[in-house]
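First up is the structure itself, then whatever we jot down about it.
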């Protein structure tokens with residue numbers, strides 16, 4: 001039986017394409033702004049991070065990397081290139097579809113952790129407790145009813161994508177690779 005994923009061409013294409021530097025920098029800046037937006041919605045998260053002000057967190061996945069500097073306000077900023085990292089978090093899965101599989105199952109992808117143990121514990125707390133309330137943000141712009149409708153449609157779309165991807169033959173997480181208990185656990189947590 002052929003074990004090659006029908007999506008393997010996407011993985012090889014992603015390895016060959018290198019985005020321009022300006023696009024990487026803009027993407028990183030947008031990611032920092034989103035992270036800060038989420039942090040500002042949870043004062044406990046900000047106070048936990050503020051205790052580690054001046055620390056640098058290096059995030060890495062394959063060729064993509066981002067250095068975050070913890071600010072005195074408990075937010076993040078892009079760290080200058082010369083600053084050494086206090087904590088290095090490296091996603092160990094290289095294949096994008098393996099990461100998608102972890103996320104669809106409601107699990108974080110495996111991460112290699114090196115450096116400051118206390119900072120790692122704070123980042124772990126953030127990963128476990130911070131959630132972006134997209135519906136709340138949409139309600140500020142569109143109102144409560146449209147935001148609730150859009151959020152519900154997004155949740156139904158995500159459920160349909162999960163079901164479709166689980167049934168794709170030959171995918172790394174196709175039919176039979178997810179048990180019913182995983183699907184039930186994910187639905188209960190989302």
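Some points to look at:
- Between residue 107 and residue 156, the simple label model (points 7 Å from Cα in the Cβ direction) yields a spacing of 3.1 nm.
- Counting neighbouring Cβ atoms within 10 Å and putting the fewest first, the residues 43, 52 line up as 43, 52.
- Packing-based exposure ordering (other Cβ within 10 Å, fewest first) of 131, 51: 131, 51
- Spacing of the modelled spin labels on residue 43 and residue 95, each 7 Å from Cα toward Cβ, amounts to 4.6 nm.
- Listed by Cβ neighbour count within 10 Å, with the fewest neighbours leading, 125, 97, 22 appear as 22, 125, 97.
Values in this text are rule-based calculations from the coordinates and carry no lab data. The shown structure was predicted, so the numbers you read here are calculated from the model rather than taken from an experiment. No Cβ is skipped: glycine too gets one built from the backbone with ideal geometry, and neighbour counts run over all protein chains shown.
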